[in-house]
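Asker: Structure provided below as structure tokens; questions to follow.
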Amino acid sequence: MTTNSTEVVGGTVPALVSTEWLAGHLDARDVRICDVRWYLPHVGKQGRDEYGQGHIPGAVFLELDTVLARPAYDGPGRHPIPDARAFELAMRRAGIGPQTHVVAYDDAGGSIAGRLWWLLRYFGHDRASVLDGSIVKWRAEGRPLDTTVPAYPEGTYEAQAPGGGVVDKHTVRRLAAGSEVVVMDARARERYEGQENPVDARFGHVPGARSAPFAGNLTGDAAPVFKAPDELRAQFEALGVTPGKTVVAYCGSGVTACHTLLALHLAGHPDALLYEGSWSDWSRDESLPVATGPDAGA
């Protein structure tokens, strides 16, 4: 069975690194650890506060709402892709340069960390990984935490012009009607079916989309990690993802969909597309149709 390697081979880096690997590279000058913990407003926690109470040594904190996205609806949806220059400056302030291996973590199975992994690749920086098991596994193993905010020299990271990988609502509507396209909804099944909707304008999902909750990419209860690539491949094949098909992922605002794009990457489908605005964009446009109920293709 293929495994998720954490070895750096031929100058490239893996999409996932283990807690063991990271523990052995805490002092590596070419590794920058980024804490991107974030919570929906009703949770009652702030990522920066959690960071201040204890983070992986050497980690810098990056705020989802101000670094990994533009302001809500300053573009499609609640978390539009950040402006390239603003993202570039934020990465430089974190001490990131062109050769830096960035390792992102959260406390939610990589559901937020996947966004930084995807953005770095979107802007041309392939030296990016997600910590498999997140800080939850790190803590469970008794590894050290720190409350010190590190100061790094300013980096020289440069954001490259994006080469694609993003689609808008009009493209999604057209693609979802085709037989050679798989549109996947990474939200919880209850939100897909329209049973609940804590933040968006309408209940339901994009007609024709398949239900693929991002949590299904993980295995384990106490400290979930990504499933092996073979398992992910079989899981996506059951949803209709086969070689040659176009794949689009969306979620509530374009964040946790990146977790599914990471899982697709691990499964051998690196060219899947992100619907940037996701449901927060689609549900606000009353001219667009909405479907509710279970996945008709399940």
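The values are calculated or read from the model by the stated rules, or taken from the named source; none is laboratory data. On a predicted model such as this, the values are computed, not experimentally measured, just so you know. Every residue, glycine among them, receives a Cβ derived from its backbone with ideal geometry; neighbour counts consider all protein chains shown.
Asker: Any chance segment 229-252 includes a residue that's in contact with a Phe, Trp or Tyr (Cβ under 8 Å, 6 or more places away or on another chain) and in a helix (DSSP H, G or I)?
Answerer: Checked segment 229-252: at least one residue is in contact with a Phe, Trp or Tyr (Cβ under 8 Å, 6 or more places away or on another chain) and in a helix (DSSP H, G or I).
Asker: Restricting the search to segment 158-196, which residues are among the hydroxyl-bearing types (Ser, Thr, Tyr) and under 22 Å from Gly75 (Cβ atoms)?
Answerer: Within segment 158-196, the subset among the hydroxyl-bearing types (Ser, Thr, Tyr) is 171, 179, 192.
Within segment 158-196, Thr171 is the sole residue that qualifies.
Asker: Please find, within segment 82-99, the residue that is nearest to the chain's Cα centre (by Cα) out of those that are closer than 18 Å to Arg115 by Cβ and in a loop (DSSP other than H, G, I, E, B).
Answerer: Pro82
Asker: Evaluate segment 58-70: report whether one residue or more is exposed (fewer than 14 other Cβ atoms within 10 Å of the Cβ), modelled with pLDDT of 95 or more and either in contact with a strand residue (DSSP E or B) (Cβ under 7 Å, 6 or more places away or on another chain) or farther than 24 Å from Arg284 by Cβ (or both).
Answerer: Among the residues of segment 58-70, not one is exposed (fewer than 14 other Cβ atoms within 10 Å of the Cβ), modelled with pLDDT of 95 or more and either in contact with a strand residue (DSSP E or B) (Cβ under 7 Å, 6 or more places away or on another chain) or farther than 24 Å from Arg284 by Cβ (or both), which makes the answer no.
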